[in-house]
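The values are calculated or read from the model by the stated rules, or taken from the named source; none is laboratory data. The shown structure was predicted, so the numbers you read here are calculated from the model rather than taken from an experiment. When we count neighbours, we look across all protein chains shown, and the Cβ atoms used for this are built from the backbone with ideal geometry, even at glycine. Quick note on the areas: whole protein, heavy atoms, side chains included, nothing else; ligands and nucleic acids left out. Shrake-Rupley method; radii C 1.70, N 1.55, O 1.52, S 1.80 Å.
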Amino acid sequence: MKKVIAILTLFLGLLFAAGFWALRTQAANQQRCLNTMRQVDSAGIQYCLEQRLSPTNALSLATLSPYLKREARCPSGQFDYAPFTVFNGPVCPNGHPYEPGVPRPRRATYAEHDLLGAVYRQFGFTNLLDGVAEPNRLSQ
């Protein structure tokens, strides 16, 4: 009887450890995916600014590869991210959320350091800009 209890306890302990490891791995993969989507999004915004492209243009990872340090894939399934627009941001092929609760198209600010705002200003999407107007517009 003691052997059965010991084996059962060992089995339950291993099962618990495996479940904990799986949850931890899933959370780590989701965080790595989110970080990768942030890098891909920033690369897309930078590319649009440098190439003077509208935020409505579809951008692929092949186009953005010179702006990325490494290959951009979701670690959960090793799938590439689909082409996306700067308006909407990248979408994970495994369903990891990027900026959950943020309505699409995304909004930006007039701040000079906000690159998304710069892309919107460059192409006249001022209806998607929040905050105080640009300083040079206040003086006019």
| Does G117 satisfy the criteria of being open to solvent by 50 Å² or more (accessible area, probe 1.4 Å) and either touching a residue at least 12 places away in the same chain (Cβ under 8 Å) or not hydrophobic (A, V, I, L, M, F, W, C) (or both)? | no
| Here is a list of conditions, (1) in a helix (DSSP H, G or I); (2) open to solvent by 100 Å² or more (accessible area, probe 1.4 Å); (3) at pLDDT 80 or above, and F11 meets all of them except one; can you say which number that is? | (3)
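With respect to C92, is the statement that it is in contact (Cβ under 8 Å) with a residue 24 or more places away in the chain, touching a His at 6+ places or on another chain (Cβ under 7 Å) and more than 22 Å from D130 (Cα to Cα) true? First the steps, then the outcome.
Numbers: in contact (Cβ under 8 Å) with a residue 24 or more places away in the chain: yes; touching a His at 6+ places or on another chain (Cβ under 7 Å): no; more than 22 Å from D130 (Cα to Cα): yes.
Considered against the rule, which asks whether it is in contact (Cβ under 8 Å) with a residue 24 or more places away in the chain, touching a His at 6+ places or on another chain (Cβ under 7 Å) and more than 22 Å from D130 (Cα to Cα), C92 comes out as no.
Okay, residues lined up against (1) aliphatic (A, V, I, L, M); (2) within 11 Å of the chain's Cα centre (by Cα); (3) surrounded by 12 or more Cβ atoms within 10 Å (Cβ to Cβ):
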{"position": "L61", "(1), (2), (3)": "yes, no, yes"}
{"position": "S65", "(1), (2), (3)": "no, no, yes"}
{"position": "V91", "(1), (2), (3)": "yes, yes, yes"}
{"position": "Y98", "(1), (2), (3)": "no, yes, yes"}
{"position": "H113", "(1), (2), (3)": "no, no, no"}
| task | From (1) at pLDDT 90 or above; (2) on the phi > 0 side of the Ramachandran plot, pick out the condition that doesn't hold for P93. | result | (2)
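Residues in segment 91-113: is at least one closer than 28 Å to A27 by Cβ, part of a helix (DSSP H, G or I) and not polar (S, T, N, Q)? Walk me through it before giving the result.
Initially, segment 91-113 is screened for residues closer than 28 Å to A27 by Cβ, giving 91-104, 106.
In the following step, the residues that additionally are part of a helix (DSSP H, G or I) were identified as none.
No.
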